[in-house]
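Chemist: Have a look at this one before I ask anything.
The values are calculated or read from the model by the stated rules, or taken from the named source; none is laboratory data. Bear in mind the structure is a predicted one, so any value in this text is a computation, not a measurement. Cβ coordinates were reconstructed from backbone atoms using ideal geometry, including for glycine residues, and neighbour counts include every protein chain displayed.
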Amino acid sequence: MKTSSHTVLLSPTLRRLLVELQTWCTADCCKDGAFSISAAAICRWLEGERIDRTPQLLDEVAGIQSSLQAAGERITLDARGLKSDWRGDVFREFWDRFAGALVSAIAEGNVAEAEPGAAADGEPR
């Protein structure tokens, strides 16, 4: 029986972000467990980038998330330093968690930039 598969390709910017979050092991070995995903970690990475590519990152992540709905039983993450083969349900759960953390990080960063002296929740410090 042939297993349906889907391949996820990443832009260089998104690949750099995910490589930065791959702290515990490698995606090929530990899958989701290899990554330390949080809004705070993503915020730090975004702040270190010279060029603000958040609109492109959001579009790319949303596009991948949309394509995963029709993905099969196996998903291959095909990117240098991240190449790995995942069960479809496990990768979709990972990607949803990553996408949520990215959106939170960008929202927190925008609040901090828009209101100096305000915390990420909008309350004065």
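Chemist: Could you list, in sequence order, all residues of the stretch 1-29 that are hydroxyl-bearing (S, T, Y) and either in contact (Cβ under 8 Å) with a residue 60 or more places away in the chain or surrounded by 18 or more Cβ atoms within 10 Å (Cβ to Cβ) (or both)?
Modeler: T3, S4, S5, T7
One line per residue, one yes/no per condition, for (1) at pLDDT 95 or above; (2) farther than 20 Å from G100 by Cα:
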| residue | (1), (2) |
| --- | --- |
| L10 | yes, no |
| R15 | yes, no |
| C25 | no, yes |
| D32 | no, no |
| L46 | no, no |
| D52 | no, no |
| P55 | no, no |
| L58 | yes, no |
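Chemist: Please determine, by comparing only the residues of the stretch 1-35 that are of a type in the set (A, V, I, L, M) and in a strand (DSSP E or B), which one is nearest to E47 (Cα to Cα).
Modeler: Among residues in the stretch 1-35 that are of a type in the set (A, V, I, L, M) and in a strand (DSSP E or B), the one nearest to E47 (Cα to Cα) is L9.
Chemist: Give me the residue from the stretch 30-48 that is free of Cβ contacts under 8 Å to residues at least 24 places away in the same chain and surrounded by fewer than 16 Cβ atoms within 10 Å (Cβ to Cβ) and, out of that set, farthest from I106 (Cα to Cα).
Modeler: By that ranking, first place goes to C30.
Chemist: Looking for whichever is modelled with pLDDT under 95, among the hydrophobic types (A, V, I, L, M, F, W, C) and either in contact with a Phe, Trp or Tyr (Cβ under 7 Å, 6 or more places away or on another chain) or not in a strand (DSSP E or B) (or both) here; the options are A112, A62. Which one fits?
Modeler: A112
Chemist: Filter the stretch 65-93 for residues that are assigned to a strand (DSSP E or B) and out of contact with any Gly (no Cβ under 8 Å at 6 or more places or on another chain); which is nearest to V103 (Cα to Cα)?
Modeler: Filtering first and then ranking leaves L77.
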